[in-house]
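Every number in this text was worked out from the coordinates using simple rules, so none of it is lab data. These numbers come from a predicted model, not from an experiment. Glycine also receives a Cβ, built like all others from the backbone with ideal geometry; neighbour counts cover every protein chain displayed.
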2 protein chains.
Amino acid sequence: MIRKRLFSPGPTPIPPEALAAMARPIIYHRSPEFEAVQAEVREGLKYVFQTQNEVILMAASGTGAMEAAVVNTLARGDRALVIRGGKFGERWGEICKGYGIPFEAIDVEWGKAADPARVADALRRLPDARAVLATHSETSTGVLHDLQAIAEVVRPTPAVLVADCVTSLGVTDVPTDAWGLDVVVSGSQKALMLPPGLAFCALSEKAWAAAGRSDLPKFYFNLAAERKSLLKNQNAFTPAVSLVVALRETLARIRAEGLPNVFARHERLAAATRAGVQALGCALFSERPTPAATAATPPAGIEASAIVKTLRTEHGITIAGGQDRLKGKIFRISHMGYVDGTDVIAVLGALERTLARLGAPVRLGEGVRAAQEILLK
Amino acid sequence: MIRKRLFSPGPTPIPPEALAAMARPIIYHRSPEFEAVQAEVREGLKYVFQTQNEVILMAASGTGAMEAAVVNTLARGDRALVIRGGKFGERWGEICKGYGIPFEAIDVEWGKAADPARVADALRRLPDARAVLATHSETSTGVLHDLQAIAEVVRPTPAVLVADCVTSLGVTDVPTDAWGLDVVVSGSQKALMLPPGLAFCALSEKAWAAAGRSDLPKFYFNLAAERKSLLKNQNAFTPAVSLVVALRETLARIRAEGLPNVFARHERLAAATRAGVQALGCALFSERPTPAATAATPPAGIEASAIVKTLRTEHGITIAGGQDRLKGKIFRISHMGYVDGTDVIAVLGALERTLARLGAPVRLGEGVRAAQEILLK
């Protein structure tokens with residue numbers, strides 16, 4: 001018998017009170033009972049997004065919220081600046097292509113962090129850019145970009161800063177209002193500890209002003225219509241009721257732990273995981289690692305895909321391989337959401353046995369020991 | 001103590017095996033385990049949609065699938081013909097407006113069924129129409145439009161027939177291939193007995209050909225990209241994992257009962273409900289009632305909203321009021337999905353007590369008796 005354990009960078013494990021909430025009989029979304037849930041969720045989201053503005057909920061996966069951010073803040077003919085250093089950065093460009101939005105891209109080598117000075121340069125050359133489409137935590141490469149510095153560069157320009165915070169929100173500090181982030185995009189299946197299917201957009205006043213002049217085609221992703229309904233604790237379209245009900249539970253969990261503690265926990269788990277994989281002869285792939293997930297390359301002679309497969313088949317542990325051009329080259333261990341130190345030791349222990357089985361020259365216990373030292377600090 | 005019972009026309013009650021499925025630990029969508037679920041779900045959806053073609057799944061509510069149907073089958077400048085006789089018929093027009101699609105509308109009085117001859121006339125006058133956007137079961141008025149007759153009229157023209165079957169699929173016969181329906185749109189929270197958050201589009205060869213020339217802007221709702229992934233049991237974007245896993249359960253339930261039995265059950269429950277409300281002095285609102293939900297006007301002097309409220313507060317029963325221009329004028333009782341004869345008796349019994357309490361001249365037992373006679377047949 002092996003137990004199954006989930007370390008994929010989304011979906012992430014779901015705490016029992018949220019699983020139980022989804023198993024309760026469903027309620028009608030046009031009812032006082034659901035409106036009370038929605039009211040509570042609105043407040044909880046403002047806490048997690050660290051914003052005074054409404055956080056819009058949509059029944060969609062995170063990509064839907066990315067598209068919503070683009071089609072609500074740009075108008076026909078507006079130019080965008082896309083920062084891309086991974087699969088999700090590239091997605092911003094693909095969305096622009098889908099809508100015929102002219103854009104210039106700042107291409108960042110996968111695994112490296114975007115240089116805010118390049119963003120500043122590009123904005124000087126493109127004074128008509130109306131949006132900067134950025135990634136905070138790039139899940140495909142394991143990089144945490146310096147979103148605060150990018151925000152400082154964008155703030156004085158007419159452009160809105162749209163940030164994919166799908167795997168940074170609830171993982172590391174994302175003070176939406178304090179940093180002046182204009183659109184913060186996120187999804188349910190990461191640090192919010194829910195199944196995929198709910199997506200979020202938090203908009204600043206500057207972004208709502210841009211939305212007011214946006215004339216790109218949209219209907220389902222019309223954020224102004226959603227806000228109008230949300231202010232009455234209703235929804236423009238049928239919401240993903242069971243996920244919203246479960247979201248109330250996970251938001252309460254985050255509030256009970258407290259955001260600073262949540263961030264410190266993720267930082268500690270990430271540091272322990274990084275130390276553990278390095279002690280096992282793996283190298284970190286990213287120069288500025290996100291605390292959401294650790295991306296690593298295996299020791300010489302070992303296939304990343306063999307590690308993923310052996311962990312799954314022999315240890316019941318799901319981690320992720322690389323995507324697109326990183327397929328077969330890296331493996332990724334998530335420590336996002338409902339994860340603690342014992343989970344990190346569990347996955348590192350299994351990784352040790354896996355690497356040993358695959359013939360890597362590991363000294364058993366060394367990966368775990370390196371992690372333990374950090375967890376004990 | 002009162003128990004809560006749900007008779008809203010979406011969400012509908014969820015059977016225990018589907019609730020239990022959503023309470024199980026979540027699985028990674030890029031895993032052999034999820035791909036096996038997806039493969040099973042693909043086959044089950046083909047059975048329910050009665051089609052040989054792929055049924056595309058999206059993480060969205062039904063409106064998302066309506067939008068997907070429009071933006072994938074029309075090209076810039078293409079004209080549409082919209083049949084609208086209720087809130088959901090009107091939604092087709094709103095989606096067209098959102099995308100700047102020129103359209104002509106056939107307006108049908110709310111509560112009446114669309115006349116296929118008017119559709120034929122309109123298509124003769126508009127030989128360049130490339131899509132007919134229709135509603136099968138109009139949930140807002142309780143009307144079942146004659147989709148088969150409309151399909152016969154559309155089939156010989158260059159237009160694709162796009163049908164909102166959100167509350168007809170799995171309720172009444174929707175033989176997608178046999179009737180030549182080009183796009184059948186549906187959602188999870190109706191006869192598929194799941195929470196909202198999954199939407200579906202089944203496309204005919206004619207519709208896929210239209211998709212091939214479609215150049216309307218899209219990204220999240222790109223059906224060709226979804227089909228390409230689905231054929232590998234994968235998804236273009238993160239799927240609503242927990243709903244897909246639960247869908248496997250409800251599809252198995254539908255297959256076990258058998259579609260003909262499912263349709264006969266809905267027909268019987270609808271007939272019993274119609275007989276019951278009429279015996280209580282209410283009038284049917286729709287001239288061609290859908291077996292999904294019964295829309296009725298209250299006896300003279302009784303407010304529809306008072307019925308809805310009293311059922312909720314005194315009997316724990318959720319039914320729906322009217323929407324938009326029907327607000328306060330009608331009430332709607334769903335008998336869709338995980339509902340049986342005893343449920344119908346329960347809601348009619350509570351309706352009797354409610355009407356009596358509100359001062360309507362009901363003879364206790366008469367509504368239930370009328371329903372019983374039909375259930376016993």
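For residue A:342, the point set 7 Å out from Cα toward Cβ sits 4.2 nm from its twins in the other copies, listed from shortest up. Shown here for region A:7-91: trypsin sites (Lys or Arg not before Pro) in loop regions (DSSP other than H, G, I, E, B) with at most 16 other Cβ atoms within 10 Å, namely A:30, A:76. Using only the alpha-carbon atoms, how far is helix A:366-376 inclined from the longest principal axis of chain A? Give it as 0 to 90 degrees, nearest 10. That works out to roughly 50 degrees.
Computed from the Cβ-Cβ distance with R0 of 56 Å, the FRET efficiency linking residue A:224 to residue A:303 stands at 0.70. For chain B, the longest principal axis of the alpha carbon atoms and the long axis of helix B:241-257 meet at an angle near 70°. Using the Stokes-Einstein relation with a Kirkwood hydrodynamic radius computed over Cα pairs, the translational diffusion coefficient of region A:84-174 at 25 °C and a viscosity of 0.890 mPa s comes to 185 µm²/s. Among B:376, B:194, B:259, sorting on how many other beta-carbon atoms sit within 10 Å of each Cβ, with the fewest leading, yields B:376, B:259, B:194. Label-point spacing for residue B:155 across the identical copies (point 7 Å from Cα in the Cβ direction), in nm and ascending order: 6.5.
Be a star and scan region B:282-300 for residues whose amide nitrogen sits under 17 Å from the point 7 Å along the Cα-to-Cβ vector of residue B:112. Counting backbone N atoms under 17 Å from the label point, the list is B:285-289.
Roughly how far apart, in whole Å, are the Cα centres of region B:15-90 and region B:363-377? Taking the Cα centre of region B:363-377 as reference, the centre of region B:15-90 is 37 Å away.
Taking every residue in B:218-225 and counting other chain Cβ atoms within 10 Å of its Cβ, the average works out to 5.
Counting other Cβ atoms within 10 Å as a rough exposure proxy, the listed residues B:126, B:181 run B:126, B:181 from fewest neighbours to most. Among the GluC sites (Glu not before Pro) in region B:51-157, those placed in a DSSP loop whose Cβ has at most 15 other Cβ atoms within 10 Å are B:109.
In units of the rule-of-thumb radius 2.2 N^0.38 Å, region A:16-257 shows an alpha carbon radius of gyration of 0.98. Legend: ranking of residues A:182, A:340, B:177 from fewest to most surrounding C-beta atoms inside 10 Å; resulting order A:340, B:177, A:182.
Descending by average beta-carbon neighbour count within 10 Å, the peptides B:205-218, B:227-240 line up as B:227-240, B:205-218, the highest first. Restricting attention to chain B, the count of lysine pairs at 8 or more positions apart or across chains with alpha carbons under 21 Å apart stands at 19. Can you list, shortest first and in nm, the gaps between the label point of residue B:107 and those of its counterparts in the other copies, using a point 7 Å from Cα in the C-beta direction? Output for residue B:107: 5.4 nm, nearest copy listed first. Between residue B:3 and residue B:39, residue separation times 0.36 nm minus the direct Cα-Cα distance comes to 9.2 nm. Here the calculated FRET efficiency for residue A:314 and residue B:369, from their Cβ-Cβ distance with R0 = 60 Å, stands at 0.40, rounded to the nearest 0.05.
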